[in-house]
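Trainee: There's a structure below that I have some questions on.
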Amino acid sequence: MELRQDNLGFLLADVSRLMRRAFKQRLEGSSLTLAQARALVYVTRHEGVRQVDLAEMLEVQPITLARLIDQLADAGLVERRSDPTDGRAYQMFLTPAATSHLAAIKQVAAAIQADVLRDLDEQQAAIVFFALRKMRDNLGSR
């Protein structure tokens with residue numbers, strides 16, 4: 001069986017890789033790494049998330065996330081709080097200092113999205129988002 005040039009998995013992986021590369025390049029000069037920026041965004045979306053669950057969301061090992069959270073905590077951007085339901089676990093919360101970093105991340109993300117969708121009209125862009133959400137939901141429901 002021959003793999004088609006437009007294989008969906010490869011195409012999605014290529015677009016994702018190129019978007020990560022662009023994000024990383026635009027973050028240069030910032031005090032954040034791509035991994036730190038991703039962690040901040042996930043904590044924003046899931047305030048109070050347990051550290052072990054955040055590691056799963058980011059698809060990293062818990063020890064890797066622990067070091068990442070150490071860096072963000074040392075920078076004053078997140079704080080760990082004991083989970084009231086499990087004294088061994090920690091929950092992640094943003095600090096007010098994270099606000100300016102999140103604004104910068106949002107600007108970079110918007111610029112990259114504009115680049116990605118540059119040659120698409122509104123209807124085509126809406127179809128892309130619809131299709132990607134549907135694919136995510138199809139795989140996420142298993």
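The values are calculated or read from the model by the stated rules, or taken from the named source; none is laboratory data. Just so it is clear, the model here is predicted, and its values are computed rather than measured. Reconstructed Cβ throughout: ideal geometry from the backbone, glycine too, with neighbour counts over all protein chains shown.
Trainee: What number goes with the only condition from (1) more than 24 Å from residue 22 (Cα to Cα); (2) at pLDDT 95 or above; (3) assigned to a helix (DSSP H, G or I) that residue 139 does not pass?
Mentor: Every listed condition holds for residue 139 apart from (2).
Trainee: Being aliphatic (A, V, I, L, M), over 30 Å from residue 78 (Cα atoms) and either touching a Cys at 6+ places or on another chain (Cβ under 6 Å) or modelled with pLDDT of 95 or more (or both): is that true of residue 126 here?
Mentor: For residue 126, the condition - aliphatic (A, V, I, L, M), over 30 Å from residue 78 (Cα atoms) and either touching a Cys at 6+ places or on another chain (Cβ under 6 Å) or modelled with pLDDT of 95 or more (or both) - is met.
Trainee: From the list 66, 104, 39, exactly one residue is in a helix (DSSP H, G or I), surrounded by 11 or more Cβ atoms within 10 Å (Cβ to Cβ) and in contact (Cβ under 8 Å) with a residue 60 or more places away in the chain. Which is it?
Mentor: Exactly one residue qualifies, and that residue is 104.
Trainee: Then there is this: Quick test of your reading of the structure: residue 31 fulfils all but one of (1) modelled with pLDDT of 95 or more; (2) exposed (fewer than 15 other Cβ atoms within 10 Å of the Cβ); (3) of a type outside the set (Val, Ile, Thr). Name the failing condition by number.
Mentor: (1)
Trainee: Of the conditions (1) touching a residue at least 40 places away in the same chain (Cβ under 8 Å); (2) part of a loop (DSSP other than H, G, I, E, B); (3) under 26 Å from residue 136 (Cβ atoms), residue 19 clears all except one; give me its number.
Mentor: It is condition (2) that residue 19 fails.
Trainee: Same structure, new question: Six or more apart or on different chains, Cβ under 7 Å: which pairs go from a residue in region 76-91 that's within 17 Å of residue 46 (Cβ to Cβ) and surrounded by 10 or more Cβ atoms within 10 Å (Cβ to Cβ) to one that's modelled with pLDDT of 90 or more and acidic (Asp, Glu)? Could you list them?
Mentor: Listed by first residue and then by second, the contacts come to 89/83; 90/83; 91/83.
Trainee: How about region 22-32: which of its residues are free of Cβ contacts under 8 Å to residues at least 12 places away in the same chain and not in a helix (DSSP H, G or I)?
Mentor: Across region 22-32, the qualifying residues are 28, 29.
Trainee: Right, another one. Looking at 131, 110, can you tell me which residue is hydrophobic (A, V, I, L, M, F, W, C), modelled with pLDDT of 95 or more, closer than 24 Å to residue 8 by Cβ and in a helix (DSSP H, G or I)?
Mentor: So the residue among 131, 110 that is hydrophobic (A, V, I, L, M, F, W, C), modelled with pLDDT of 95 or more, closer than 24 Å to residue 8 by Cβ and in a helix (DSSP H, G or I) is 131.
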